[in-house]
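Before any comments, here is the structure.
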Amino acid sequence: MKKVSKYDEILEGIKSIKDFREGYFTNFFFSQEQIELYISEDILYKLDNLNGVIFYFKKTTDFINLYFCASSLKNLKKATKFLSNNYSDKIVLDIVGTDKMIEPIRNIFLDNGFKFYTSFTRMSRGEYTIDEVSDINLCIATEDDTNPIYELLYNYFDPLSEQLPLMPELSNWIRNNRVIIYREKTNILGFVIFDLIGLKSYLRYWFVSPEYRDRKIGSLLLRKFFKICEGTKKQIFWVIDTNYNAIKRYKHYGFMEEPMHDNILIKKEK
Amino acid sequence: MKDKVLEILTEIQPDFDFKQNINFIEEGMLDSFDIVNLVTKLDEEFGISIDGMDIIPENFYSVDSIVNLLKKNDVE
């Protein structure tokens, strides 16, 4: 396993896989900005001496996120077997796509020591209008809120499946006014973290502290997010497939389930 | 070729109008996930293999930049 030291290595890797001219299968969808952050944080590694396959590893304290670029499913199968036999770390894998795209890839990993963990469905909706949302406790997070929000994320969200941000990623969202909080006195009772890129918005994290969940704070936060993103043509987020209550609530706001899933598989450490 | 590119873009992201003269990346019409899907579909449709070094945002800003990328791959 080698450390990735510059972004061009990723592009060269993609080229080397595509040069097989057999196909291109991947779950490595990071932007250049994200990849460069992982490189600067020294957490991105690769295993590239495999025939037609490169594995990328994003290391966290407790486990490794695995990404692959493969020229064919046959080559991915061989490489996965090698990985499974030679690496004993706890590994988490996301496979994103339609059920038809996911199934053959999922089977390769399930046959090699990975277990199904959970699955997310993508929901989205088109243009909308919304009334102004005002509440004295709703505000945009500032730099001072970074640490408490980071702690809430890591205390309440599942790090295995929810791709929790690094501190610099959270700071970046806060710097770009992409975090709405609900604050009483000095306590943050809830927050929404989102991305707004041109005509598209992404709801990344939506949270209300358990003891305040009967006060409609979640609804206020969500409506504030909708107001800020009013005018976008598409709003997207991912929800756990089996969270029927949340899906029902989102449908109430006009969201529809897309045929796009994110399967999370885990291989426990040996 | 331009019509085919528009057809593929619309298939990937049916919610957007790719005939508009705007930057698809800056406007969020294509993200990194869409670009990977787009490259796979362009490879299949035109029987080419777009170079990994060319999978950079600048080559996907507009229909014209995608057409130029295809021309670079000898698609006529």
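The values are calculated or read from the model by the stated rules, or taken from the named source; none is laboratory data. On a predicted model such as this, the values are computed, not experimentally measured, just so you know. Cβ coordinates were reconstructed from backbone atoms using ideal geometry, including for glycine residues, and neighbour counts include every protein chain displayed.
Mind listing just one residue for me: the one in the stretch A:52-74 that is among the hydroxyl-bearing types (S, T, Y) and surrounded by fewer than 18 Cβ atoms within 10 Å (Cβ to Cβ) and, of those, farthest from A:E9 (Cα to Cα)?
If we filter the stretch A:52-74 for residues that are among the hydroxyl-bearing types (S, T, Y), which is where we start, we get A:56, A:60-61, A:67, A:71-72.
This time we only want the ones that are surrounded by fewer than 18 Cβ atoms within 10 Å (Cβ to Cβ), so: A:60-61, A:72.
Details: A:T60: 21, A:T61: 24, A:S72: 21 Å.
In this case the residue turns out to be A:T61.
When each of A:I236, A:I174, A:I181 is tested for being touching a Cys at 6+ places or on another chain (Cβ under 9 Å) and crowded, with 19+ Cβ neighbours inside 10 Å, the lone residue that passes is A:I181. What single numbered condition from (1) surrounded by fewer than 19 Cβ atoms within 10 Å (Cβ to Cβ); (2) at pLDDT below 95; (3) in contact with an Asp or Glu (Cβ under 7 Å, 6 or more places away or on another chain) fails to hold for A:L199? All conditions are met except number (1).
Taken over the stretch A:161-201, the criterion of being farther than 23 Å from B:E26 by Cβ and part of a loop (DSSP other than H, G, I, E, B) is satisfied by A:S161, A:E162, A:Q163, A:L164, A:L166, A:K185, A:T186. If only residues of the stretch A:3-30 that are surrounded by fewer than 14 Cβ atoms within 10 Å (Cβ to Cβ) and under 24 Å from the mean Cα position of the chain (by Cα) are counted, the one that is farthest from A:Q163 (Cα to Cα) is A:D8.
Which residue is farthest from the other protein chains (Cβ to nearest Cβ), if the candidates are limited to the stretch A:202-221 and must be assigned to a helix (DSSP H, G or I) and surrounded by fewer than 21 Cβ atoms within 10 Å (Cβ to Cβ)? I'd like the intermediate steps shown before the answer.
Step one: of the stretch A:202-221, the residues assigned to a helix (DSSP H, G or I) are A:210-212, A:217-221.
With the extra rule that they be surrounded by fewer than 21 Cβ atoms within 10 Å (Cβ to Cβ), the set shrinks to A:210-212, A:218-220.
Values: A:P210: 32, A:E211: 36, A:Y212: 32, A:G218: 25, A:S219: 25, A:L220: 25 Å.
The qualifying residue farthest from the other protein chains (Cβ to nearest Cβ) is A:E211.
Residues in the stretch B:1-44 that are closer than 19 Å to A:K18 by Cβ and of a type in the set (G, A, S): B:S32 alone. In this structure, A:S40 does not qualify as surrounded by fewer than 19 Cβ atoms within 10 Å (Cβ to Cβ), among the small types (G, A, S) and more than 22 Å from B:P57 (Cβ to Cβ). Please specify each residue of the stretch A:55-77 satisfying the condition of being more than 15 Å from A:F30 (Cα to Cα) and touching a residue at least 40 places away in the same chain (Cβ under 8 Å). Within the stretch A:55-77, A:T60, A:D62, A:F63, A:A70, A:S71, A:S72, A:L73, A:N75, A:L76 meet the criteria. Annotation note: of A:K74, A:K6, A:K2, the sole residue that is in contact with a Phe, Trp or Tyr (Cβ under 7 Å, 6 or more places away or on another chain) and either more than 20 Å from A:I264 (Cα to Cα) or modelled with pLDDT under 95 (or both) is A:K2. Taken over the stretch A:118-154, the criterion of being exposed (fewer than 15 other Cβ atoms within 10 Å of the Cβ) and either within 17 Å of the chain's Cα centre (by Cα) or closer than 19 Å to A:D262 by Cβ (or both) is satisfied by A:Y154 alone. Among the residues of the stretch B:22-53, those identified as of a type in the set (S, T, N, Q) and more than 7 Å from every other protein chain (Cβ to nearest Cβ) are B:N23, B:N37.
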